[in-house]
Amino acid sequence: MRCIPLRVFFFNALLCFFPALSSAAVSAPHLTVDLIAENASIAPGHSFQAGLKFNLEKSWHVYWINPGDSGEPPKVEWKLPAGFQADPIEWPTPARLPISKLMDYGYEDQVLLMMRIHPPVNLKPGTTIQLAATVKWLVCREVCIPGHGEVSLTLPVSSETPKPSANQDLFIKTKASLPLPAPPNWKQTAIAQKDDFVLNLRTGKRVTNAIVFPLEAEQIENAAPQQVHSDPTGVRIDLKKSEQLLKPITRLRGVVVLDGRGYEVNAPVVSRAGQSSAP
């Protein structure tokens, strides 16, 4: 069982006792949440980026898809017009957020969680469309406060090429913070030792700084130091195995940040003797 502070087990139960806020944007304890779009209008049949903008009070945070040692990531339930579809959240590269002896993964200050929206081709120009969603979150510092609310956004439908909205710069900044696919020339493996995984990335150049954010919970000890060994052709990163890891894993997936830039990692796990853990 994952080791999580008691406060988190009450997250879903507490939501039942907090009435949802209903407005275009939500103002809640320690944060505001707004639904925004990259474009100022919708073109029939042309997808566009929308997103949940969280503005957080200083030192408070919300969570990445893998929250680390405690917490829950934000969740969204769309209420879209007929024919519209929404893609999953695109998660920006998170930060390590130490709390006492724990390590969380998430975002402070401001974060935009983007999702691509696909409108149908039969929209009528000159009309307006309302996008709405129920959003649930857990905002934390030393304590955690659950919240949920209704957000909405109304956009006109136009046959013309959509113009950027006032939020375009934030979307550009957020896209730059998304982890990139690993370049095709990289070679990546993870060696499973008794107490550690050694992530070996052959990038073709020396790496000065590296940090790993695992996609799956309970694979590594999140708060343990990550030892980085650089050489002219890449980097090795020592990751202490989680005490909650009860069986071998076949892939080590997540995000690795190399000298400030995030990349997706999906390394096959091999035993120290060189035998793959994969079936």
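The values are calculated or read from the model by the stated rules, or taken from the named source; none is laboratory data. What you are looking at is a predicted structure, and each value in this text was computed from that prediction instead of being measured. Quick reminder, even Gly has a Cβ in these numbers, built from the backbone with ideal geometry, and neighbours come from all protein chains shown. Surface areas here come from the heavy atoms of the whole protein model, side chains and all, with no ligands, DNA or RNA. Shrake-Rupley method; radii C 1.70, N 1.55, O 1.52, S 1.80 Å.
For the reader, a short list of remarks on this structure follows.
- Rounded percent of accessible protein surface that carbon and sulfur make up, the range 18-89, 1.4 Å probe: 53 percent
- Annotation: for a label point projected 7 angstrom from Cα along Cα→Cβ of I89, residues of the range 26-53 with backbone N closer than 16 Å are 26, 31-36, 50-53.
- Average accessible surface area per residue within the chain, 1.4 Å rolling probe, Å²: 51 Å²
- 13 Å beta-carbon shell around L35, net charge (K/R +1, D/E -1): -2
- What the phi angles of the range 83-93 give under the Karplus curve with 6.51, -1.76 and 1.60, with θ = phi - 60°, is a coupling list of x, 7, 9, 10, 7, x, 4, 9, 8, x, 4 Hz, glycine and proline written as x.
- Efficiency of FRET between R261 and A40 - r from beta-carbon atoms, R0 25 angstrom, step 0.05: 0.20
- Share, in percent, of DSSP beta bridges within the chain that are antiparallel, nearest 5: 90 percent
- The simple spin-label model puts a point 7 Å past each Cα toward its Cβ; for A82 and S271 those points are separated by 5.9 nm.
- Restraint check, K79/K163; K75/K175; K53/K240, Cα-Cα greater than 29 Å: K53/K240
- Folded to 0 to 90 degrees: helix 168-177 orientation relative to the chain principal axis, Cα: 20 degrees
- Here the scattering of the range 177-279 is modelled by Debye summation over its C-alpha atoms, one equal scatterer each and no solvent; at q = 0.20 Å⁻¹ the log10 of I(q)/I(0) is -1.02.
- Coarse-grained scattering of the range 12-140 at q = 0.15 Å⁻¹, given as base-10 log I(q)/I(0) from a Debye sum over alpha-carbon atoms: -0.76
- Cα-based reach from K124 at 20 Å (exclusive), listing aspartates and glutamates while leaving out same-chain residues under 8 positions away: E160
- For the chain, the mean residue ellipticity at 222 nm estimated from helices alone is -1500 deg cm²/dmol, where every DSSP H run of n ≥ 4 contributes -39500 (n - 2.57) and the total is divided by all residues, rounded to the nearest 500.
- Look at the dipole of the chain built from charges on Cβ: of W60, Q49, L246, the Cα furthest out on the positive end belongs to L246.
- Reach of K173 by Cα under 16 Å, taken over aspartates and glutamates that are not fewer than 8 positions away in the same chain: E38, E90, E108, D109
- For the chain, radius of gyration divided by Kirkwood radius, i.e. Rg to Rh on alpha-carbons: 1.02
- For the range 189-279, the antiparallel share of DSSP beta bridges with both residues in that region comes to about 90%.
- For the chain, leaving out every one of the GluC sites (Glu not before Pro) that falls in a DSSP loop and has at most 12 other Cβ atoms within 10 Å, the longest unbroken run is 1-141.
- Straightening the chain between L245 and K124 buys 38.2 nm, computed as 0.36 nm per residue apart minus the Cα-Cα spacing.
- Trypsin sites (Lys or Arg not before Pro) restricted to the range 142-230 and DSSP loop, no more than 10 other C-beta within 10 Å: K194
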